[in-house]
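The values are calculated or read from the model by the stated rules, or taken from the named source; none is laboratory data. On a predicted model such as this, the values are computed, not experimentally measured, just so you know. Reconstructed Cβ throughout: ideal geometry from the backbone, glycine too, with neighbour counts over all protein chains shown.
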């Protein structure tokens, strides 16, 4: 299905209005939690990316990046939101959106794209780490506060920060389907594969797992380890940690 989708940067008022509508459909946010139309207009004008995916004339997915500035003075893109309508999930469209994002970033000379994702969303973890080549070395507690979205299950919005070094050998190899030799694995963090069901049916148990995972990430990140891989097993999903040096500080 995704092969018939067109993806391009949005620039029209009515296109941004469609993105606001998609937020409601995808996440079920309360009105107060929606990113407003003017946010997308401003992002488009200040060097960000607002990408839309269209099946014929119907927008079925979107992705937004905003420009950021590190303390070191280096510019990067923060990919704030990517949403795909349920009918178009598991079709490869999400990856197409990210590859288009990378294409535009490379054309502008951007080396780093960052975004946050829920460490309990194992499918997202596999996608970000194994299908795109992102790495992780930061954990943020309750990044967005408690929300009304059914997808968050009433838990704190803890997040991992994905770093996508778009010019790195790792990202280049993984996105092009070439072989990539991963650094040695020095630690593992495992979660049960049924964490999504637990979040829906047993919030207390899900919160216990979330808290335990947060402690493990904190310990390994203090030891200067980085998430460099993800294994999807029959009963669990496992983050693999080791050393990774492809960043501005090491160049």
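Things to note:
- Of the residues making up region 240-248, one or more are closer than 27 Å to residue 174 by Cβ, modelled with pLDDT under 90 and surrounded by fewer than 13 Cβ atoms within 10 Å (Cβ to Cβ).
- Matching entry among 199, 205 (being more than 25 Å from residue 74 (Cβ to Cβ), part of a helix (DSSP H, G or I), in contact with a helix residue (DSSP H, G or I) (Cβ under 6 Å, 6 or more places away or on another chain) and touching a residue at least 60 places away in the same chain (Cβ under 8 Å)): 199
- For region 208-229, the tally of residues that are closer than 12 Å to residue 141 by Cα and in a loop (DSSP other than H, G, I, E, B) stands at 0.
- Residues located in region 34-71, provided they are over 17 Å from residue 12 (Cα atoms) and in contact with a helix residue (DSSP H, G or I) (Cβ under 8 Å, 6 or more places away or on another chain): 34, 55, 66, 70
- Answer residue from region 182-196, given it is within 20 Å of the chain's Cα centre (by Cα) and not in a helix (DSSP H, G or I) and is nearest to residue 123 (Cα to Cα) among those: 193
- Selection within region 72-89 - out of contact with any helix residue (DSSP H, G or I) (no Cβ under 9 Å at 6 or more places or on another chain) and either free of Cβ contacts under 8 Å to residues at least 12 places away in the same chain or not in a strand (DSSP E or B) (or both): 73, 87, 89
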